[in-house]
């Protein structure tokens, strides 16, 4: 890998595309954030971009690792885009070993970094976490890197039928197309620590930002007899246990988001790293609920042991560039 870390090629696709497929979460958006559609016409006229297809487990794990390292280093979202595009260009998001005559000199790993060029030892460069850290360290030394366009013939991936945009802050609407109808701590519901977004049962719920799953739980107790109601059936407004099937995600800056009343157990487990926009469950009506909807909470100053301070999700998401209510 040379000093030309950023590969500038023929097509730039950034922002929110009204297509049945979009770039994998972090490859969304650009320096101008959600709404920049530079190069959209190229995609619409040329058909599917090269390399379109589902990522396998190795590629997804490496992508999550790259984004996680970027978040931990405080790198803006566009840096994740640059890193993923470069990794796809250099290795197809594979942690490649030394390939002998088929290798580019002594380049190895996801970013094809060279031990002989000071990127690290062979042992260090065998670890994607280390490689990503070195990449971001070098990237941040390049003047005006955040204004440089990035794309590559291999920097594409598919995330199901996701039709949404990811803001420049790296956040997305967890239930695209649906709006808040019940607000945060309203006069008639002062203990309502979140907002409700009604949607048909089975509607995919997306991770609002990249993060780690810190809790998965069923919470449904019948206050009439104190028995466990369970989450294998719809809930009831009379239940004391409120959230039914729910999960919590811990994001950068100790922000936690909670997703309640899922129809079935979440699609993720504790310890999983998720990408912004990744499906984490489906809308249901388990727990203290009178109909299918997503109950969404945002907590500040949270960690794995504390739920932190609940805040109104609507203004919080607005500061992150996402409108929960129209």
I'd like the residue in region 234-248 that is in a loop (DSSP other than H, G, I, E, B) and touching a strand residue (DSSP E or B) at 6+ places or on another chain (Cβ under 6 Å) and, out of all such residues, is modelled with the highest pLDDT.
243
From the residues in region 261-278 that are within 18 Å of the chain's Cα centre (by Cα) and either without any contact (Cβ under 8 Å) to a residue 60 or more places away in the chain or under 22 Å from residue 235 (Cβ atoms) (or both), which one is surrounded by the most Cβ atoms within 10 Å (Cβ to Cβ)?
266
Please go through region 272-285 and pick out each residue that is assigned to a loop (DSSP other than H, G, I, E, B) and at pLDDT 90 or above.
285
Quick check on my filter: what residues within region 107-160 are modelled with pLDDT of 90 or more and under 20 Å from the mean Cα position of the chain (by Cα)?
128, 129, 132, 133, 136
All conditions in (1) assigned to a loop (DSSP other than H, G, I, E, B); (2) in contact with a helix residue (DSSP H, G or I) (Cβ under 8 Å, 6 or more places away or on another chain); (3) over 27 Å from residue 293 (Cα atoms); (4) modelled with pLDDT under 85 are true of residue 81 except (1)
Residue 310 vs (1) more than 18 Å from residue 216 (Cβ to Cβ); (2) more than 17 Å from the chain's Cα centre (by Cα); (3) outside any strand (DSSP E or B): all pass except (3)
Can you tell me which of (1) without any contact (Cβ under 8 Å) to a residue 24 or more places away in the chain; (2) closer than 22 Å to residue 199 by Cβ is the one residue 305 doesn't meet?
(2)
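The values are calculated or read from the model by the stated rules, or taken from the named source; none is laboratory data. A quick note: this is a predicted structure, and the numbers were derived from the prediction, not measured. Methodologically, a virtual Cβ is constructed for each residue, glycine included, from the backbone with ideal geometry; neighbour enumeration extends over all protein chains shown.
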